[in-house]
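Input: a single structure, listed below in structure tokens.
The values are calculated or read from the model by the stated rules, or taken from the named source; none is laboratory data. Quick caveat: nothing in here was measured; it's all calculated off a predicted structure. We place every Cβ from the backbone using ideal geometry, glycine too, and count neighbours over all the protein chains shown.
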Amino acid sequence: MPFFSNKQLNYLNAHYGLRAMGWEMCSMFTLAYLYKQGLSLKLTLLVYAAVLFSRTLTRPLAMLCCLKKGVHWTLTVGTFAFAMRYPAMLPIDGLTWHLIPFIVVSGLADVLYWVSYHNYFASIGDEADRGSSVGVRDAIATVVAVVGPLVGGILLSIDKFYAFTMPFVLTLVAVLPLLKTPSLPPPVPATREERKRVDHFGFVVFVGDGLFYQAGSIWPLIVFMLLGESYQNFGFILALAAFFRAMGSMVFGRLIDKGKGRQICYIGYGMHIAILTVRGFFAYSVPAVIACDFFAAIAYCFSMTGLMTAVYNATKRASHPLYFTYYTELGWDVGAVSSMLLAALIVGLGFDVRWGLGLSVAGAVLSVATLARWYTRERKRRRAGTSAAA
């Protein structure tokens, strides 16, 4: 497999795996933790909307850091900031001022990390093996995600201090592989013409993904309540879903490299829409939850690999890759914040929180429609290149 010969990418994947291990120990527990700490369901959703909105407010800082200090420097600092979000969760106890540091640090960590990470991954990867590379990375992340929720659930059941200290330490350790990756020259600011001509594909597809992913995060909260608010049982269900997901990422990545990206997106998002419908109307027992998570994990192998392969290739081809990433991530903020605000409105109006899963369906529809157009355009571009070479 030629993509394993890229040592820079291997170190970056090692970094990503360590950071993902810490994240998986806490990420799916976040809404459940806020709810368990005394916030109402509506306030839980509104607080997380505030976290996501703080990403938008601090996004210019991430761009400034990348331009002044470089993408690699920003990625390193973003990893340190990512670690700080875990101790910020420790003092949360209901609707108190302790939520403010959590909101600010989480938003800042997200924006510093993801703007630089996506741009860096796109810069050092090879376009010809992009699908396989994304598949390998996602396989690594999902393997550690099998262990993460199990450990996180057990530690939260024992003492939240240990539950947040371990991901804090793991994320700090994730800085070490970055020391083996090269720095890139600081990019020049985007010109007015480059900003004007930026491809809107990334923004639109990430609006869809923000809606799809963040509204979909309501499901783990529903499962948590269904399991009697037990962190340990909840962690087991999350780990089982991650195990299912880990089995397919590399296979589907190779299929994308062979030109099957559009078909993979149709299958993945089509499955997601069907599963979200079943979750909303029929999944009221543990066996039903496990069945839904099994098929959702398979769908994830299709959809995420198809999505990120397209985004990374579009980033590398952009006239100003950093600005393209900045603009694309802004789309995710729009979708994610909207999903949490609308979900809070649904709950506030007295409807079952499961109706919020409909927002995730809307995001999936927008994502797959946008990706289908991109992969169709990509196929035409490849054919034109082949004809010109002949």
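Are there any pairs, at least 6 apart or on different chains, whose C-beta atoms fall under 7 Å, with the first in the range 48-67 and closer than 17 Å to Tyr323 by Cβ and the second not in a helix (DSSP H, G or I), and if so, which? Hits for this filter: Cys66/Pro187; Leu67/Pro186; Leu67/Pro187; Leu67/Pro189. Residue-level analysis places Glu378 among those that are acidic (Asp, Glu), part of a helix (DSSP H, G or I) and at pLDDT below 90. Looking across the range 184-206, the residues that are outside any loop (DSSP other than H, G, I, E, B) and buried (at least 17 other Cβ atoms within 10 Å of the Cβ) come down to Phe201, Gly202, Phe203, Val204, Val205, Phe206. Listed here are the helices (runs of 4 or more DSSP H) enclosed by the range 1-79 that have at least 1 residues being surrounded by 18 or more Cβ atoms within 10 Å (Cβ to Cβ) and among the charged types (D, E, K, R): 7-24, 41-69.
Condition test on Arg279, is it surrounded by 23 or more Cβ atoms within 10 Å (Cβ to Cβ) and over 14 Å from Gly208 (Cα atoms)?
yes
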